[in-house]
Amino acid sequence: MTSGTEQSPDSELDGKRIYFTTEPGRKQKTLDKGMNAFAQYLTKEVGLPVGYKPAISYQHAYELFRTGQVDMIRVGIYGGYKVLEKNVGAQTLAIQKPSYISVLIGNKKLRAKSESANDSTSKDLRVIEAERVGFGSLYSGSTFMWPLLDMRSQGVSLAQTSECVHVSNQLDLPVMVAVGHLDYAFIKGNTTSLLSRVSKEYLPSIYVAWKSPEVKRNNYFIVSRELVERDGAEVVQLLRQAIINLSPEDEYQEKVLNGLSKGAQGFELPNADFPGPVNERINQLMTDYGKPPSCETE
């Protein structure tokens, strides 16, 4: 027996355990598999137990971080904007290497109409005006905020659509376009494939109406002030190095990366271009709309 003042090996580790969560944009089973694989990788590389706490919603993920139930959170650009704004002392740990491409897909029946309005060399986002358009979650960076920023750069707003809807599971968007419930939708593409999130059965009914000309970043990791201040920031340095070391050239690490985001090319240190300037663009967009943008209020 151990005395009341002694600790078991497990209890000694409790104070050193690291927990993280992520915004839920996919089916929970798929998300759990990818995040648990990432937790196993970090545990091995950092030398401390790392655990994944699932979030039932984007807001729940932010609450887990705010209340200290997790030490690290994986976010897109919109979630990152919210987390950094609401959590004093939180720091960006590592950012996604450029690999994300914003893709607007349309029902093929509309292709002739859109191409008559825009020749093949000057396609732009005006094709969604007066059409039914789908976005990801109200809190999604890849399938809501990035599209809004792209639309803003071309003078297009949510109010100019005939109807816009939010879909919590991003993988449902291509289905809704293919069967005609939506005319267009924004989905997440990458440098490997623009349509990797479209099931083969729906590809014949879908076309790429527009894609962002630049390859962007979306996902990144934020750590809490408490973790930054722990052990002279040694734990943070170990976490950062383990995440940055992930390489798609290694078969095992490629699986870990794909579990985080299919087609991910890895992570690197935050820099002068990201996330600061993107957060400033979001600030400007918020000023334009006068309130947090939403299909529900347009």
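Any read-out appearing in this document is the output of simple, stated calculations on the displayed coordinates, not a laboratory observation. The structure displayed is predicted, hence computed values, not measured ones. Every residue, glycine among them, receives a Cβ derived from its backbone with ideal geometry; neighbour counts consider all protein chains shown.
Brief remarks on what is shown
- For segment 173-187, 3J(HN,Hα) computed residue by residue from phi via the Karplus equation (6.51, -1.76, 1.60; θ = phi - 60°) reads 4, x, 4, 5, 6, 4, 8, x, 6, 10, 8, 9, 7, 9, 10 Hz, glycine and proline entered as x.
- 18 Å Cα-Cα threshold exceeded, pairs from 16/44; 27/53; 16/97: 16/97
- Rg/Rh (Cα only; Kirkwood hydrodynamic radius) as it applies to segment 113-243: 1.10
- Given charges at Cβ of Lys, Arg, Asp, Glu: segment 44-118 dipole, positive-most of 69, 52, 105: 105
- Between amide H atoms placed 1.01 Å from N, distances below 5 Å from residue 51 occur with 18, 19, 20, all of them 5 or more places distant or on a separate chain.
- The spread of Cα positions in segment 49-150, taken along each principal axis and listed from longest to shortest, comes to 56, 26, 25 Å.
- Phi angles across segment 141-154 convert, under the Karplus curve 6.51 cos²θ - 1.76 cosθ + 1.60 with θ = phi - 60°, into 3J(HN,Hα) values of x, 6, 10, 9, 5, 4, x, 4, 5, 5, 4, 4, 5, 10 Hz, Gly and Pro given as x.
- Evaluated with a Cβ-only charge set (Lys, Arg +1; Asp, Glu -1), the chain carries a dipole of roughly 740 debye about its Cα centre, given to the nearest 20.
- Candidates 188, 53, 113, ranked by Gaussian network fluctuation over the chain, Cα under 10 Å, top entry: 113
- Here residue 241 and residue 112 are evaluated by their C-beta separation; at R0 = 51 Å the FRET efficiency comes out at 0.45.
- If you run the Gaussian network model on the chain, springs between alpha carbon atoms under 10 Å, then out of 141, 189, 276 the most flexible one is 276.
- Residue among 157, 142, 199 with the largest mean-square fluctuation in a Gaussian network model of the chain, springs linking Cα atoms under 10 Å: 199
- Rounded to the nearest 10 degrees, the inclination of helix 251-260 to the longest alpha-carbon principal axis of the chain is 70 degrees.
- Two-site FRET efficiency, residue 196 against residue 67, from Cβ-Cβ distance with R₀ of 35 Å, rounded to 0.05: 0.50
- The chain: projected area of the alpha-carbon convex hull, averaged over directions, in nm²: 17.6
- Our note on the geometry: Cα centres of segment 157-192 and segment 199-258, 23 Å apart.
- Helix 77-86 and the long axis of the chain differ in direction by around 50°, with both axes built from C-alpha atoms.
- Lys pairs, segment 109-267 - Cα-Cα below 15 angstrom, 8 or more residues apart or on other chains: 6
- For segment 214-226, backbone phi angles converted through the Karplus equation (6.51, -1.76, 1.60; θ = phi - 60°) give residue-by-residue couplings of 9, 8, 10, 10, 9, 7, 7, 10, 10, 10, 6, 4, 4 Hz, Gly and Pro being listed as x.
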